[in-house]
Amino acid sequence: MTAANPATAGSGAGRLQLHNRVLAALIAAGAAGALAVGFVTLAPNRLVSGRPIGFVVACGPHFAAGMTALALVLLAAAVVPPRPALHRTAAIIAAALFVLVLATAGHAAASLAGAAPAAARISLGAGFWVVLGASALAVIDGLQRAGTSPWERLMFAATLAASVLLMTRSGVFDSLSLAHEYWAHRQEFAAALVRHIVLVAAAVGPALAIGLPLGVAAAHRPKLQTPLFAVLNLLQTIPSIALFGLLIAPLSALAAAWPILGSVGIGGIGMAPAIIALILYALLPIVRNAAAGIAGVDPAATEAARGMGMTARQLLWRIELPLAVPLLLAGLRIVLVQTIGLAVVAALIGAGGLGTFVFAGLGQYATGLVLLGALPTIGLALAADFLLQTVATLATGRLGR
Amino acid sequence: MIEIDRVSKSYGGRHVVDEVSLAIPEGMFCVLLGPSGSGKSTLLRMINRLVPLDGGTIRVGGEDVRRVPPEVLRRRIGYAIQSVGLFPHWRVGDNIATVPRLLRWPRRRVSERVTELLELLRLDPADYRGKYPHQLSGGEQQRVGVARALAADPDVLLMDEPFAAVDPVTRAALQAELLRIQQATGKTIVFVTHDIEEALRLAGGIAILEHGRLAQWGTPLAILEQPASAFVGEFVGGAASGLRVMALRTVADRLRPNETAAGEPLLDEASLRDALAAMIARHADRLPVIDRAGRPLGAITLADLVR
């Protein structure tokens, strides 16, 4: 991809060549999103759907100009010949754009709210999400092309998260309906967030305790694999709502038969059935990755270990499990993200958690409330995914693979 | 001393090892030789009970191997294999320290032993101790594998085609290294290979296996000169085995004492093959022979080489 290509060099501006198609496409998508659909929506009250407000009207000239300028700089980065330093700079500019998009939305909401009655609600529009998504993807693209280390990416993510937190703290988003919903549900929000994390921990912990031994057993006894994976695959095919529902009857019966169970919180609805269902869903990825990780250990290493006098236990703890760590971490990553998402559905059977807001919002047609449940869930999942990916990269790097 | 007494093993009715008896004296370099499927690896792995015995007994140092828990037995016997099987997540030093640590040696003694072994295998301890296996070449990995097998100073070393996967130059160097170590330490080595050249180079005694049965057990020369069966004769090279004999017999065996000849003399301990090469190079059919001290011993002729 050099300027030697006559088709692109022929125009006379030989150096102006599209080097980063991804970045250019993201800018095009962001621009289209900003211009074609509403950046925010304005509704006269909480319960009716809003009217879209365009990018320029909503943002005002200063913010619109700032975002356009950053987008143009990014576009310039897409057409100059690439170097690692360039990609890193592009990532930083894209990150600045990401923060500016958020600030713009807050500013737009504040200025619209000033001119509207108190009951009016300003929500984030499709245009906002497109621009925000495009800038986030541009950050990831830049970091990938620059070949950044896991630590560098971690620093990047932490800086972005800190600036979003700082903006939230300083009230930038206070005029958005999301913030109204937050203030209205402040007490429940903290409790729901904690409950959500408790649900995930209470499911993933036992799932590891059950799944790891099952995976090890499956790797050592191939005959066990067919029936074991048949059951686990079957569990995975049951829709989550159905599984939560299916557990109600047997658990209520148990609680009715032994009241002591009911007194420790086991019943047809509540946390107990939710945690059981989440454990069942978590088993397949854990068992599958544990089995694959141990089966993937070089047979020469296990032969040598046995030939030198390691017991089966020493072989497992010193050789097989450490060598399976990259796949175990990959399994844990899948399970954490999956469980954080599935725990939302658990709110349907009274388990609490962030799903409470999602279903309440759906029932009231209040998108702000849905977002109050959905956004922290996505944040948790992204954070878990990113952290485990970093750990996995570092662990795998040590093995020189 | 390893006594293998009417040992058998079968898988699904097929005899892989069939009533093999073999007494390997202490300090011998014993090679188990045979084509693939002859049962040589299985027999080797029965000595440290990686393969359980169906019948017969094996005694190592006078003790029946079945009287010792397998882990205890294996920690007393060194073991090296073709694929090396270094633990990829452990550094070279930790790999070598495997058995000493299983035996709970004090930390200091383990560390000293690792240094000693790296030096024995001619790997600079300062440089190699902290490396990971993937940073080593194939030959270096195999050296570490041999060091690891020797780590707890076992009396017996079992080696299953350890040099089959390295290039010929490295293999020759490793063979020389192993011979030197065996002569220096006096260990009993049981070495499996399908390569007749390697066997002749290393062995004090060769056991040839055919379909799980012991076809012949003897010194390399005995096997080359008096093959016990058509199979053995064929396996050790047919007509070409004469050339191999020449590599093992020395000039001293065919010497004409007190005769004289002109030209540059041969050493009496040179092989007949070296003598033939010297005659071809010097266009001579008769050369004088001296000993290491330079004393003339006699002469040897071209005809003597093939006598």
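Nothing in this text is a laboratory measurement; each read-out follows from the coordinates by a stated rule. Nothing here was measured: the structure is a model prediction, and the numbers come from that model. Because the Cβ atoms are built from the backbone with ideal geometry, glycine has one as well, and the counts that use them run over all protein chains shown.
At-a-glance table
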| quantity | calculated |
| --- | --- |
| Förster radius 22 Å - calculated FRET efficiency between residue A:190 and residue A:170, Cβ distance, rounded to 0.05 | 0.65 |
| Hypothetical label at residue A:19: residues of region A:46-86 whose amide nitrogen lies under 12 Å (7 Å Cα-Cβ projection) | A:76-86 |
| Pair residue A:72, residue B:165: separation of 7 Å Cα→Cβ label points (nm) | 6.1 |
| Net dipole in debye of the protein assembly as shown [+1 Lys, Arg Cβ; -1 Asp, Glu Cβ; about Cα centre; nearest 20] | 1500 |
| Globularity index of region A:186-400, i.e. its alpha-carbon radius of gyration over 2.2 N^0.38 Å | 1.17 |
| Mean separation of Cα contacts under 8 Å, 6 or more apart, over the residue count of chain B: relative contact order % | 19 |
| Separation of the residue B:1 and residue B:306 label points, Cα + 7 Å toward Cβ, nm | 4.6 |
| Value of [θ]222 nm, deg cm²/dmol, for chain B, DSSP H segments ≥ 4, -39500 (n - 2.57) each, nearest 500 | -10000 deg cm²/dmol |
| Choice from A:139, A:164, A:358 showing the highest fluctuation, given a GNM over chain A with Cα pairs closer than 10 Å | A:164 |
| DSSP beta bridge pairing in the protein assembly as shown, given as percent antiparallel to the nearest 5 | 60 |
| Candidates A:353, A:30, A:368, ranked by Gaussian network fluctuation over chain A, Cα under 10 Å, top entry | A:30 |
| Simple spin-label estimate for residue B:122 and residue A:92 in nanometres, 7 Å along Cα-Cβ | 5.3 |
| For chain A, convex hull volume per residue from C-alpha positions, Å³ | 194 |
| Of B:88, B:257, B:154, the one that fluctuates the most in a GNM where chain B has Cα springs shorter than 10 Å | B:257 |
| Per-residue [θ]222 nm for chain A (sum of -39500 (n - 2.57) over DSSP H runs n ≥ 4, rounded to 500) | -25500 deg cm²/dmol |
| Alpha-carbon spread of chain B, three principal axes, descending order, Å | 64, 52, 32 |
| Span-like helix ranges in chain A, DSSP H, alpha carbon extent 27 angstrom or more, Kyte mean at least 0.0 | A:55-79, A:84-114, A:126-145, A:150-169, A:186-220, A:271-295, A:321-345, A:367-398 |
| Relative exposure of A:189, A:229, B:235, judged by other C-beta atoms within 10 Å (fewest first) | A:229, A:189, B:235 |
| Shape category assigned to region A:16-177 from the gyration tensor of Cα positions, a/c cut at 1.5 | prolate |
| DSSP beta bridge pairing in chain B, given as percent antiparallel to the nearest 5 | 55 |
| Size-normalised alpha-carbon gyration radius of the protein assembly as shown, reference 2.2 N^0.38 Å | 1.43 |
| Selection of trypsin sites (Lys or Arg not before Pro), region B:239-301, meeting DSSP coil and at most 14 other Cβ within 10 Å | B:292 |
| Average Cα contact separation per residue, chain A, under 8 Å, 6 or more apart, as relative contact order % | 15 |
| Proxy reagent accessibility, fewest Cβ within 10 Å first, across B:191, A:173 | A:173, B:191 |
| Cα-based reach from residue B:9 at 17 Å (exclusive), listing lysines while leaving out same-chain residues under 8 positions away | B:40 |
| Residue among A:257, A:291, A:356 farthest towards the positive dipole end of chain A, charges placed on Cβ | A:291 |
| Taking region A:16-177 and dividing mean pair separation by its residue count, relative contact order in percent (alpha carbons under 8 Å, at least six apart) | 34 |
| Assigned charges on the beta-carbon of Lys, Arg, Asp, Glu; chain A dipole about Cα centre (debye) | 500 |
| Positive-end residue of A:117, A:167, A:27, charge dipole of region A:16-177 with Cβ unit charges | A:27 |
